[in-house]
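The values are calculated or read from the model by the stated rules, or taken from the named source; none is laboratory data. In this text, all values refer to a predicted model and were calculated from it rather than measured experimentally. Positions of Cβ are backbone-derived with ideal geometry, glycine not excepted, and every protein chain shown enters the neighbour counts. Please note that ligands, DNA and RNA were not included when accessible areas were found on the heavy atoms of the full protein model with its side chains. Shrake-Rupley method; radii C 1.70, N 1.55, O 1.52, S 1.80 Å.
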Amino acid sequence: MVDHPAFTEVKTMMIQVPSYTVPNTTVQIYTTNENETEYKTIECTAAKGKPAAKITWVLPENKSGEINYGITADNGTKTVTSTYRFPTHLHEGQNITCVIEHPKLSIKEVKTVSLPAYCKY
């Protein structure tokens, strides 16, 4: 409310202050087999954030998988999920990283998965 001699009456204004909720972040790895080929899926999730978090990937140069994104809303919060799916043998011994950005995080959250290298005899 603003009261000033230049006004004939008290002025009332509504101001909406944005609120933020820091997301809960997780990384999970799944293995599946299709047509005798093993695939890995790395799932990076930023759950129940307000506003929605941004997820990006840092991938090896020989990236050959597919990236998918999804977002769901629940009671004013957003859950963002991104997956990177690839044939396991293509990234043996390499790192796959997801980066999560959100206004409530003072620095980007970096989640790195180090994939094992398998010996072939």
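Key figures
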item	result
Which listed pairs, of K63/K111; K40/K78; K11/K48; K11/K78; K78/K111, have C-alpha distances above 28 Å, in listed order	K11/K48; K11/K78
Per residue solvent-accessible surface (Å²) - the chain, probe of 1.4 Å	70
Neighbour count of at most 15 Cβ within 10 Å plus DSSP loop: longest GluC sites (Glu not before Pro)-free window in the chain	62-91
Share of pairwise Cα separations in the chain, more than 19 Å, in percent	58
Largest to smallest accessible area among D3, D74 [probe 1.4 Å]	D3, D74
Estimated dipole of the range 1-83 in Debye, rounded to 20 [Cβ of Lys and Arg +1, of Asp and Glu -1, Cα centre]	340
Accessible surface of the chain, 1.4 Å probe, proportion on carbon and sulfur as whole %	52
